[in-house]
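This report concerns only the one structure given below.
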Amino acid sequence: MKCPFCHEAENRVIDSRLSKDSNMIRRRRECERCNRRFTTYERVEEMMPLVVKKDGRRESYDRLKIINGLKRACEKRPVSIDTIEMIADRIERIIQERGEKEIASSVIGEALMRELHDTDPVAYVRFASVYRSFKDISEFMVELEELLKERKGIPLAKAAGPRQRRE
């Protein structure tokens, strides 16, 4: 592992421990040349299936695309990076449990929609607007009406979130 500061390959591991979810090992390292410390994460490389896009192209699965899409949807929302990482982990588990060599991008997109629906309704609508390519406001309204129907038993002020009315 090269030092990110001086690019020296020689370093020593000072501390190793499992992450909270036991999916990776966090290693604290010290460079032998510049003596600066840095952290690395080690995880099992799992064989992920190829993703089949809508136009038929096939590409390697890319966790970063999932993370970046979630970050965009959750921007300025009370959704932590830890929650985003956990959603990505659950999506990967779903993909792996299928045990297929290829998976349609639509399967991944729908799984992400379900996760966001349960996590944050605003992030869900943002993601849905891009994923489903909403063309006008009426398509937004249909999605919002569905969300409101699901929350029918909840007073509208709570359904809308923490914002309070001014009188």
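The values are calculated or read from the model by the stated rules, or taken from the named source; none is laboratory data. Predicted model, so just to flag it, every value in this text is computed and none were measured. So basically every Cβ, Gly included, is an ideal-geometry build from the backbone, and we count neighbours across all protein chains shown.
Numbers below:
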quantity	calculated
Qualifying residue in the stretch 93-104 (condition: polar (S, T, N, Q), modelled with pLDDT under 85 and assigned to a helix (DSSP H, G or I))	no
Some residue of the stretch 19-32 being outside the structural domain of GLU100 (by TED's automatic domain parsing), farther than 26 Å from ASP89 by Cα and not in a strand (DSSP E or B)	yes
Enumeration of residues in the stretch 1-18 that are in a loop (DSSP other than H, G, I, E, B) and out of contact with any Phe, Trp or Tyr (no Cβ under 9 Å at 6 or more places or on another chain)	LYS2, CYS6, HIS7, GLU8, ALA9, GLU10
Residues satisfying the stated conditions in the stretch 44-60, i.e. out of contact with any helix residue (DSSP H, G or I) (no Cβ under 7 Å at 6 or more places or on another chain) and at pLDDT 90 or above	LEU50, ASP55, GLY56, ARG57, ARG58, GLU59, SER60
Cβ-Cβ under 9 Å pairs, at least 6 apart or on other chains, the stretch 43-55 side within 30 Å of SER22 (Cα to Cα), far side part of a loop (DSSP other than H, G, I, E, B) and modelled with pLDDT under 85	ARG43/SER19; ARG43/ASN23; VAL44/ASN23
Condition met for ARG90 (more than 11 Å from the chain's Cα centre (by Cα) and of a type in the set (Lys, Arg))	no
Count of residues meeting criterion [loosely packed, with under 10 Cβ neighbours inside 10 Å and assigned to a strand (DSSP E or B)] in the stretch 44-65	1
Single match in SER129, SER133, SER138 (criterion: at pLDDT below 85, surrounded by 14 or more Cβ atoms within 10 Å (Cβ to Cβ), assigned by TED's automatic domain parsing to the domain that holds ARG57 and among the polar types (S, T, N, Q))	SER129
Tally of residues being within 19 Å of the chain's Cα centre (by Cα) and of a type in the set (Gly, Ala, Ser) across the stretch 1-58	2
